[in-house]
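Enquirer: Have a look at this one before I ask anything.
The values are calculated or read from the model by the stated rules, or taken from the named source; none is laboratory data. None of the values given here were measured: they were computed from a predicted structure. Here the Cβ positions follow ideal geometry from the backbone for every residue, glycine too, while neighbour counts run over all protein chains shown. Surface accessibility is based on the protein's heavy atoms, side chains included, excluding ligands, DNA and RNA. Shrake-Rupley method; radii C 1.70, N 1.55, O 1.52, S 1.80 Å.
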Amino acid sequence: MSGSVQGFVILVVWLGLTGLQIWALIDCARRPGQAFPAIDRKSKTLWLALTGAALGTGLLFRNPIGIFGIAGAVVTLVYLFDVRPKLIEIMKPRW
């Protein structure tokens, strides 16, 4: 019984993380490339590769608590909670 509960929890975590990874990849693709160096966060190409690799390994291995799942979660969360807010801030119109 506990094995099925554990499997369900891992499935829910994987689905949630996969949704965040898709959101991060799409959001990164929509941002202008010149904004990334302006906030000192490397290049758009690097962030597209990182978020794409996070999504790809997440879909391939389907294990959010494995090494690739944790690495993908870290990349995704760094983009969403560090890079993305700075991109939004720099792209706001200044009145």
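Enquirer: What single numbered condition from (1) β-branched (Val, Ile, Thr); (2) free of Cβ contacts under 8 Å to residues at least 40 places away in the same chain; (3) surrounded by 12 or more Cβ atoms within 10 Å (Cβ to Cβ) fails to hold for Ile26?
Expert: (3)
Enquirer: Another one. Quick one: Ala54 ticks every box in (1) open to solvent by 60 Å² or more (accessible area, probe 1.4 Å); (2) at pLDDT 95 or above; (3) of a type in the set (A, V, I, L, M, F, W, C) except a single one, so which number is it?
Expert: Of the numbered conditions (1) open to solvent by 60 Å² or more (accessible area, probe 1.4 Å); (2) at pLDDT 95 or above; (3) of a type in the set (A, V, I, L, M, F, W, C), the odd one out for Ala54 is (1).
Enquirer: For the stretch 69-95, how many residues are open to solvent by 60 Å² or more (accessible area, probe 1.4 Å) and touching a Leu at 6+ places or on another chain (Cβ under 8 Å)?
Expert: 1
Enquirer: Further question on the same structure: Consider the stretch 60-95. How many of its residues are more than 13 Å from the chain's Cα centre (by Cα) and within 22 Å of Arg30 (Cβ to Cβ)?
Expert: Number of matching residues: 10.
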